[in-house]
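Asks: Shown below is the structure under consideration.
The values are calculated or read from the model by the stated rules, or taken from the named source; none is laboratory data. All values reported here derive from a predicted model rather than from experimental measurement. So basically every Cβ, Gly included, is an ideal-geometry build from the backbone, and we count neighbours across all protein chains shown.
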Amino acid sequence: MKTLFEQLGGTYTMQGDYRLPNLTVEENDTRPIGVWGQRRLHYLKHHRKVMYYNLLTSGKLHSHLANIEEQAQELFARLITDLAKKEGITQQLKATNQMKWVQKMNNIRERVIETVYSDVVFV
């Protein structure tokens, strides 16, 4: 006759008088998580705790963060090139007036960062 623990399956660890199940969450996703994914993680931990714990316990947190990272990088790159083209920032401007080019590109970069935050990271 099988004991209750054998019937339940899995493995257990003795902690004092108690048998605790050895629980693990497997994540096979090995995509890197960069700055956007880290910011999303911080946001989830502090402002969307239920969503964070649901993703964590279901084993989908890493893939969620990797997806956010990819979406944010794509949006960031696309908006930078689109806005630079729209505002007429060219390589010629960079060659003739570097300080003006840096000023304009920094301005675009900061605007795009805010857009990525509001559209992808803090949603």
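Asks: So Lys94 ticks every box in (1) modelled with pLDDT of 85 or more; (2) surrounded by 13 or more Cβ atoms within 10 Å (Cβ to Cβ); (3) within 15 Å of the chain's Cα centre (by Cα) but one. Which box is left unticked?
Replies: (3)
Asks: Can you tell me how many residues within region 8-61 are of a type in the set (Lys, Arg) and either over 24 Å from Ser118 (Cβ atoms) or at pLDDT below 95 (or both)? Walk me through it before giving the result.
Replies: Filtering region 8-61 down to residues of a type in the set (Lys, Arg) leaves 19, 31, 39-40, 45, 48-49, 60.
Right, trim to either over 24 Å from Ser118 (Cβ atoms) or at pLDDT below 95 (or both) and you get 19, 31, 60.
Going through region 8-61 one residue at a time, the tally reaches 3.
Asks: Kindly indicate whether Val116 is within 30 Å of Arg48 (Cα to Cα) and either small (Gly, Ala, Ser) or in a helix (DSSP H, G or I) (or both). Explain how you work it out, then say what you get.
Replies: Details: within 30 Å of Arg48 (Cα to Cα): yes; either small (Gly, Ala, Ser) or in a helix (DSSP H, G or I) (or both): yes.
Yes; evaluated as a whole, the condition is true for this residue.
Asks: Can you confirm whether Gly37 is out of contact with any Cys (no Cβ under 7 Å at 6 or more places or on another chain) and surrounded by fewer than 14 Cβ atoms within 10 Å (Cβ to Cβ)?
Replies: On the way: out of contact with any Cys (no Cβ under 7 Å at 6 or more places or on another chain): yes; surrounded by fewer than 14 Cβ atoms within 10 Å (Cβ to Cβ): no.
No; evaluated as a whole, the condition is false for this residue.
Asks: Give me a count of the residues in region 55-66 that are of a type in the set (Gly, Ala, Ser) and part of a loop (DSSP other than H, G, I, E, B). Can you show your working first?
Replies: Start the filter on region 55-66 by keeping residues that are of a type in the set (Gly, Ala, Ser), which leaves 58-59, 63, 66.
Those still in the list that are part of a loop (DSSP other than H, G, I, E, B) too: 59.
The number of residues fulfilling the criteria is 1.
Asks: Kindly list, by first and then second residue, each pair from a residue in region 28-54 that is assigned to a helix (DSSP H, G or I) to a residue that is surrounded by 15 or more Cβ atoms within 10 Å (Cβ to Cβ) and among the acidic types (Asp, Glu), limited to pairs with Cβ atoms under 7 Å and residues at least 6 apart or on different chains.
Replies: Cβ pairs passing all conditions: Trp36/Glu69; Gly37/Glu69.
Asks: Return the residue satisfying two criteria in turn: it lies in region 71-98 and is assigned to a helix (DSSP H, G or I) and of a type in the set (Val, Ile, Thr), and of such residues it is nearest to His47 (Cα to Cα). Talk me through it step by step, then tell me what you get.
Replies: So the first thing to find is which residues in region 71-98 are assigned to a helix (DSSP H, G or I), and the list is 71-86, 91-96, 98.
Next, only the ones that are of a type in the set (Val, Ile, Thr) stay: 80-81, 96.
On the way: Ile80: 28, Thr81: 32, Thr96: 46 Å.
Only one residue fits best here, namely Ile80.
Asks: More than 30 Å from Leu23 (Cα to Cα), touching an Asp or Glu at 6+ places or on another chain (Cβ under 9 Å) and charged (D, E, K, R): is that true of Lys60 in this structure?
Replies: Answer is no for this residue.
Asks: Collect the residues in region 37-54 that are under 12 Å from Val123 (Cβ atoms) and among the hydrophobic types (A, V, I, L, M, F, W, C), keeping them in residue-number order.
Replies: Correct list: Leu44, Met51.
Asks: Does any residue of region 99-110 turn out to be touching a residue at least 24 places away in the same chain (Cβ under 8 Å), within 30 Å of His46 (Cα to Cα) and part of a helix (DSSP H, G or I)?
Replies: Yes: one or more hits.
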